[in-house]
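Trainee: First, the structure itself, so that you have it in front of you.
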Amino acid sequence: MRFDDVKSDTLNLRVSPSFKLALKAAADHEQRSMVNMLEVLVAGFCESKDIALPTERAARTRAIHKQHVKAVA
């Protein structure tokens, strides 16, 4: 399972310093960025729990709808 869509959304997280250090350590160990490490972890979790991810087409449709709603508002 991969997140193949173009990165265009921003997500701001407030986490504890120890969580950030743990994420940084895990990412460094796997030679990944922290964002990529989170993607890998979430994808693995979804696979292990049989959680279906939205398709890229569905994600694009939501993004277009979101832009349209902003333009109308």
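The values are calculated or read from the model by the stated rules, or taken from the named source; none is laboratory data. Everything numeric here is computed off the predicted structure, so don't read it as measured data. Neighbour counts are summed over all protein chains in view; Cβ atoms, including those assigned to glycine, are modelled from backbone coordinates with ideal geometry.
Trainee: Would you point out the residue of segment 9-25, among those that are over 30 Å from residue 67 (Cβ atoms) and not polar (S, T, N, Q), that is surrounded by the fewest Cβ atoms within 10 Å (Cβ to Cβ)?
Mentor: If we take residues in segment 9-25 being over 30 Å from residue 67 (Cβ atoms) and not polar (S, T, N, Q), then 17 is surrounded by the fewest Cβ atoms within 10 Å (Cβ to Cβ).
Yes/no per residue for (1) at pLDDT 85 or above; (2) closer than 20 Å to residue 13 by Cβ; (3) among the acidic types (Asp, Glu):
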{"site": "23", "(1), (2), (3)": "yes, yes, no"}
{"site": "28", "(1), (2), (3)": "yes, yes, yes"}
{"site": "33", "(1), (2), (3)": "yes, yes, no"}
{"site": "38", "(1), (2), (3)": "yes, yes, no"}
{"site": "44", "(1), (2), (3)": "yes, yes, no"}
{"site": "48", "(1), (2), (3)": "yes, no, no"}
{"site": "60", "(1), (2), (3)": "no, no, no"}
{"site": "64", "(1), (2), (3)": "no, no, no"}
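Trainee: Sticking with this one: How many of the residues making up segment 26-59 are assigned to a helix (DSSP H, G or I) and surrounded by 11 or more Cβ atoms within 10 Å (Cβ to Cβ)?
Mentor: 20
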